[in-house]
1. Please work out which residue is surrounded by the most Cβ atoms within 10 Å (Cβ to Cβ), limiting yourself to the range A:268-293 and to residues that are touching a Gly at 6+ places or on another chain (Cβ under 7 Å) and at pLDDT 95 or above.
2. Which residues, counting only those in the range B:155-166, are near ligand 1 (Cβ under 10 Å from one of its atoms) and either of a type outside the set (S, T, N, Q) or part of a loop (DSSP other than H, G, I, E, B) (or both)?
3. Name every residue in the range B:172-183 that is more than 6 Å from ligand 2 (Cβ to nearest atom) and closer than 16 Å to A:Ile311 by Cα, in order of residue number.
4. A:Ser300 versus (1) within 14 Å of chain B (Cβ to nearest Cβ); (2) under 16 Å from the mean Cα position of the chain (by Cα): which is the lone unmet condition?
5. Would you pick out the residues in the range B:160-171 that are more than 10 Å from every other protein chain (Cβ to nearest Cβ), more than 9 Å from ligand 2 (Cβ to nearest atom) and under 24 Å from B:Ala108 (Cα atoms)?
6. Among (1) over 21 Å from the mean Cα position of the chain (by Cα); (2) assigned to a helix (DSSP H, G or I); (3) more than 14 Å from chain B (Cβ to nearest Cβ); (4) of a type outside the set (Gly, Ala, Ser), where does A:Val345 come up short?
7. Assess whether A:Ser175 counts as being in contact with a Ser or Thr (Cβ under 9 Å, 6 or more places away or on another chain), under 25 Å from A:Gln316 (Cβ atoms) and touching a residue at least 40 places away in the same chain (Cβ under 8 Å).
8. Among the residues of the range B:200-218, is there at least one that is within 15 Å of ligand 1 (Cβ to nearest atom), away from chain A (no Cβ under 11 Å) and aromatic (Phe, Trp, Tyr)?
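The values are calculated or read from the model by the stated rules, or taken from the named source; none is laboratory data. The shown structure was predicted, so the numbers you read here are calculated from the model rather than taken from an experiment. Backbone-built Cβ (ideal geometry, glycine too); neighbour counts: all protein chains shown.
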Amino acid sequence: MKRALPWILFAILALVGLVGAFLRFTSSRDLAAYGSYIPWGLWVATYIFFAGLSAGAYVVAVLGYVFGVERLKPIAPMALAIALACLGAALVTVWFDLGHMERVFSVFLRPNFTSMMAWMVWLYTAYAITVLLALYGIWRNHPGLTRTALMVGTPLVIFYPGAAGALFGTVVAQSLWHSPVFPILFLFGGVLSGFSLVTFAAAYFSRKGAGYSDRVWLMGRIMLGLLVLYLILEWAEYSIPMWYQVGHEYEALMGVLFGPFWYVFWVFHLLLGMLVPMLLLALLPRNPLATGAAGFLAASMFLAVRLNLVIPSQVQPQLEGLVNAYRDRRLGYSYIPTLFEWSVVAFSVALAIAIAYAVLWFLNREKKLEVTQ
Amino acid sequence: MSENNSTQQQADGLDNRRDFLAKFASTVFAGMVMGGAAVKAEEAKRPLQLPTRLPGGPIQAELEYEDVLVQMQRELEAALQKGRTPKWVMVIDTRKCVGCHACTIACAVENKLPPGVVYRPVIEEQIGEYPNVSWRFTPRPCMQCDKPPCVPVCPVGATWKSEDGIVDIDYNACIGCRYCLTACPYQARTSDFGDHWTDGTPGQGKMPYEELPMFEYGKEWKREDHKSPVGNARKCHFCRHRLQHGLLPQCVTSCIGRATFFGDANDPNSLVSQLIHKPNATRLKEELGTEPRVYYLV
Ligand code: SF4
Ligand code: SF4
C-alpha cells in the first residue's frame, strides 16, 4: 500500500491533466479566465516557474561536473533528469498558452531578435541540447562529453533565466515588470527553486549509502544561503518603489501585499516558501528529511512568487476608465485562474514527473546511476 | 467743425463718466446696505444679435463654409494621388465628443468585431463633484505610435510600423502569444478568443452578420473555427482597407460630433496639420516617448 500511494496520486494528477489537455485542444481558450486586459495568467506563471526549476536543477549538475564539487557529482544525473523534465513542462505549458499552437515553429523559422521571447526560445533550444548531450554522456559512460556539454551550458543557464527576466523587464508599459532587477531576480529565483527541488529529490529519492547525509547537509547549506540572498533581492524589489508611496508600481505592490490575494505573498511565499524552510535548515541542519522537506516547500511554493511577478502588474489599468468603456468578460482587471487552467497545470506537473521518472528509470536500468533509487 | 466735434465728444465722455461713476457708487452703496447680497445686473444684458441665417446655410453668410468631412475627403484623395507616402494622423477634439459611442459601434460593424475585441472604445470620466461636475470623453483608437512598444516584442515579427505610420499585424504570422498586448501602454490590442455574439443563445448557430467576411489590411477574412484572425492579436489600423479605396476611416465618417479628424500630416495645408500644431493639442502618455499619431484637442 505504501508503494502504491504515490502511483495513485500520480494517476489522479495525470487523469486531471489529461482532461485539461483534452479540453485545451477541443474548446480552445473559452474556459480560461485571462483576457485582453490581463493577457497572461496562470500558464505563463507556471511556465516561468518550471523554466526556473530547470535552470536551478542544471546548476547542481554544473557544480558537480564543471566546478568539481565532488559531493554533488553523484546526484548530477538526477539533477539533469529534473532539468529536462522541468524544461519540457515549461515549454508545453507556454505552448498551450498560444492562440495559434500550430505556428509555434515560426519562432525558429522567422525569429525577430529584438524580442526577448525569440531570444529565450533560441536559448532554451541550445540549453535543451546541452542537457540531452550531458545525459547521453552519462548513458554512454563518456564523462568528457557530459562535462563539455555542461561547460557550454553554463553561460546558457545564466542567460536564459536572465532573458526570461528581461522578457518582463523590458516591457515599459508594465510598471512592476520594468525594472533592471528583474533578470537578476529571475536568475536567482530559478537557481533557488531548482536547487531546492534537487535537494528534495536527493533527500527522499536517493540511496542512503555513503556520502548521503553529507551531501544533503551541503545542499541544505547552499539552499539556506540562496534563500537569504533571494530575500535580500526581494527587499530591493519591494522597498525602492514603495519609498515614495506614489505611482502605479506602488499601487501594484500594495495589491500584492494587502490586496485580495494577500495570502499568496504572506502565507504561500513568505511563510511556507521562505521562513519555514529557513527555520528547518537552520534548526535541523543534520536532518536529511527536514532538509528535503525544506527543499520541497521552497521549490513548490515558488509558484506563488511567479504568480506575483506575472499578474499584479497587469491588474493595474493602463488608462483609467477603460474598463467601463466597453464591457466584456475578457476586458476586465480581475483574474482568478479557472479549474480548467489548473487542470492544464496538472498536466504539466504530471508530464514533468513522467519525464524525470522515465529518464531515471532508463539510466538505472543501464546501471548508470550511483545513488538514485 | 472738428473742434466742435471733439468738444462735444469730451462733453459726452464726461457725461458718460459721470453716469458711470454715479451708477458705480450707487451699486457699491446698494451692495453695502444689502449686506453682500448678489448684485443684479440684468439691465446690462442685451440680446445677442446674430446675422440672419439661411436655412441649411452657414452661420455667417460671408464666410466660406465646407463641412470638415468633405474637406477631409478632398484632402484624402489629394494625398493618395500625390505619389508620396502620406503620414496619416488622427486628431480627436475631446470638447466636441458627446460620448455617443457611435464610432465604437461603427468600427465594430466595419470590421465585424466579435465579443471581447474592441478597437475604439470611448472612455468616459466624470470630473469633479456635484454641483461642479463635468464629463470627459476620450475615444481611444490605436495610437499608431511612431515608436511602438508593441512592435519589437513580437517574437515572429508579425507586427510592424509601416511607412505611412500605421502599425500593421499579419494575422497569418501572429502566433497569438499576446506579448504585444502586455506591451501596449494604451491597451489598444485585444485578443480574438473565437467568441461569437450568439454564443449561448437559443437558435440555429451564428447570425448572418457573424459570417460575413471583413477586409482588414486589404484581405478577405472569415472568422471560421480556428482560422485567423481567431487566436490573433487585433487592433485598430485606421481602416487601412478603406484608405486603400479612398475612404476615410469609419470612425471619422460616423462621428456625429465632427470630433474626429484624419489626414496627411505631410501636407502642411491639411486640416490635421493645422490642428496638431495648436497649443491645446496633446497626446496620451506623452512622457513614455511612444510618439503617438493620435492627437487630442483639449
Ligand atoms: S497604441 Fe499600442 S498597439 Fe497601437 S501602436 Fe501604440 S503600442 Fe502599438
Ligand atoms: S500576439 Fe501576435 S502580433 Fe502580438 S507579439 Fe504575439 S505573435 Fe506578435
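1. Out of the qualifying residues, it is A:Thr291.
2. First pass over the range B:155-166, keeping only residues near ligand 1 (Cβ under 10 Å from one of its atoms): B:159, B:161, B:165-166.
Hits for the range B:155-166 are B:Lys161, B:Gly165, B:Ile166.
3. Correct list: B:Leu181, B:Thr182, B:Ala183.
4. (1)
5. Passing the criteria: B:Lys161, B:Ser162, B:Asp164, B:Gly165, B:Ile166, B:Val167, B:Asp168.
6. Only one criterion is unmet by A:Val345, namely (1).
7. Against the criterion (in contact with a Ser or Thr (Cβ under 9 Å, 6 or more places away or on another chain), under 25 Å from A:Gln316 (Cβ atoms) and touching a residue at least 40 places away in the same chain (Cβ under 8 Å)), A:Ser175 qualifies.
8. Yes, there is a match, as at least one residue in the range B:200-218 is within 15 Å of ligand 1 (Cβ to nearest atom), away from chain A (no Cβ under 11 Å) and aromatic (Phe, Trp, Tyr).
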